[in-house]
Amino acid sequence: FALMAEDGKIHGRNLDAPFRGASVTKAMLLVAVLRRAATRPLTGKERKQLAPMITASDNDAADEVYASVGDLALQAVAQAARMRHLQPVGALFETRITAADQARLFLRIDRLVAQGNGGQQALGDTRDYAAVVVMRVCGRVMAPRPTVVGIGAACLAPLGARRSALARPGQTPVR
């Protein structure tokens with residue numbers, strides 16, 4: 001597991017041990033597509049792929065997105081997030097990631113999503129789109145305690161307000 005505090009220091013165990021990225025890569029794909037659409041509206045196809053990929057953890061939708069953006073997009077997101085050990089292997093869910101890199105990704109994910117207009121008339125911009133998609137997950141993933149597992153980690157803190165990220169291998173952050 002890894003915990004990255006607001007000051008950027010990461011603490012935990014086996015911080016740099018690689019593991020299968022599994023659904024963490026879906027969050028990276030969301031960021032990649034939204035960054036690609038920073039200066040244009042999302043296409044209908046992108047919307048039909050992104051929403052189920054995040055809200056229902058749809059692997060087929062993720063595979064379609066991955067086929068259109070590839071490992072280069074994952075590497076670009078990793079570089080922007082200052083991830084150090086991402087290892088794409090040509091198969092989306094087999095991509096290797098470390099707990100420390102997962103914490104880096106989710107601590108910075110708000111800043112990674114394009115803030116331009118993106119042509120999203122109904123939703124404002126691509127960042128708003130990301131918030132809407134993530135918020136749809138909240139009702140299904142919130143536990144009785146203030147802990148959220150999965151891409152819905154943003155539910156407890158509005159976009160831009162997260163202060164730390166806790167990553168456990170094979171999971172998206174727990175807050």
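For the reader, a short list of remarks on this structure follows.
- When each of M4, M53, M28 is tested for being under 20 Å from D101 (Cβ atoms) and modelled with pLDDT of 90 or more, the lone residue that passes is M28.
- Those helices (runs of 4 or more DSSP H) lying entirely in segment 1-98 with at least 2 residues among the polar types (S, T, N, Q) and open to solvent by 40 Å² or more (accessible area, probe 1.4 Å): 59-80
- Residue satisfying all of: in segment 99-118; open to solvent by less than 20 Å² (accessible area, probe 1.4 Å) and not in a helix (DSSP H, G or I); modelled with the lowest pLDDT among these: G118
- Residue pairs meeting the criteria (Cβ under 8 Å; at least 6 apart or on separate chains; first in contact (Cβ under 8 Å) with a residue 24 or more places away in the chain and farther than 20 Å from V24 by Cβ, in segment 34-58; second assigned to a helix (DSSP H, G or I) and of a type in the set (S, T, N, Q)): A37/T126; A38/T126; L42/T126
- Residues (touching a residue at least 12 places away in the same chain (Cβ under 8 Å) and more than 21 Å from L74 (Cα to Cα)) located in segment 9-33: I10, G12, R13, N14
The values are calculated or read from the model by the stated rules, or taken from the named source; none is laboratory data. Remember, it's a predicted structure, so these values are computed and weren't measured experimentally. Backbone-built Cβ (ideal geometry, glycine too); neighbour counts: all protein chains shown. Keep in mind that these areas ignore ligands, DNA and RNA; they rest on the heavy atoms of the full protein, side chains included. Shrake-Rupley method; radii C 1.70, N 1.55, O 1.52, S 1.80 Å.
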